[in-house]
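Worksheet: the structure to be examined is printed underneath.
The values are calculated or read from the model by the stated rules, or taken from the named source; none is laboratory data. Every value quoted in this text rests on a predicted model; they were computed, and no experiment measured them. In this analysis, Cβ positions are derived from the backbone assuming ideal geometry, glycine residues included, and neighbour counts consider all displayed protein chains. SASA here: full protein model, heavy atoms, side chains in, ligands and nucleic acids out. Shrake-Rupley method; radii C 1.70, N 1.55, O 1.52, S 1.80 Å.
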Amino acid sequence: MLIVVDPHSGVPVYRQLMDQIKFHIASGVLGPGDELPSTRSLSAELGVNPMTISKAYSFLEREDVIERRPGRPLVVKAVEAPDLEDRRMDQVRQSLAGTVTVVRQLDVDSADAVRLFEEMLGAMSESDRDERSSR
């Protein structure tokens, strides 16, 4: 699991951690029952205060994303398929929010923006097909 924090991004580090862990779960990198790094080890790896890691983990626990097991590592909590799909759509929504802001600020017509998005999705799908067929 790759986690990268940018202390200069304007987004609190604990929030960056939460968002990245949620993304890893939604994308399938982390699955139900997978263990998360300990607060101490992740703190050392990222050069972040252990309390920041603890805060992120506590919020994720409150959001029912991870579960604490006394004396054992934190693990990703199992979710039902519809909930997993909701989490994936939340990730897409969160990613697109910045794009929507840019489209509005540049006063780009919504239909043009949607058309561009669909073209890009189509181009990516073709690229994926080409990559799979070359294997």
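Annotation: ASP19 fulfils all but one of (1) of a type in the set (Asp, Glu); (2) open to solvent by 50 Å² or more (accessible area, probe 1.4 Å); (3) modelled with pLDDT under 95; the unmet one is (2). Scanning region 8-23 for residues that are free of Cβ contacts under 8 Å to residues at least 24 places away in the same chain, outside any loop (DSSP other than H, G, I, E, B) and among the aliphatic types (A, V, I, L, M) yields no hits at all.
Checking each residue in region 85-107 for being of a type outside the set (S, T, N, Q) and in contact with a helix residue (DSSP H, G or I) (Cβ under 7 Å, 6 or more places away or on another chain) picks out ARG87, ARG88, VAL103. Restrict the check to region 52-73 and report whether at least one residue is without any contact (Cβ under 8 Å) to a residue 60 or more places away in the chain, β-branched (Val, Ile, Thr) and over 15 Å from ASP19 (Cα atoms). No; the residues of region 52-73 include none that is without any contact (Cβ under 8 Å) to a residue 60 or more places away in the chain, β-branched (Val, Ile, Thr) and over 15 Å from ASP19 (Cα atoms).
When the helices (runs of 4 or more DSSP H) confined to region 24-135 are screened for residues that are within 28 Å of VAL5 (Cα to Cα), open to solvent by less than 50 Å² (accessible area, probe 1.4 Å) and charged (D, E, K, R), none reaches at least 2 such residues.
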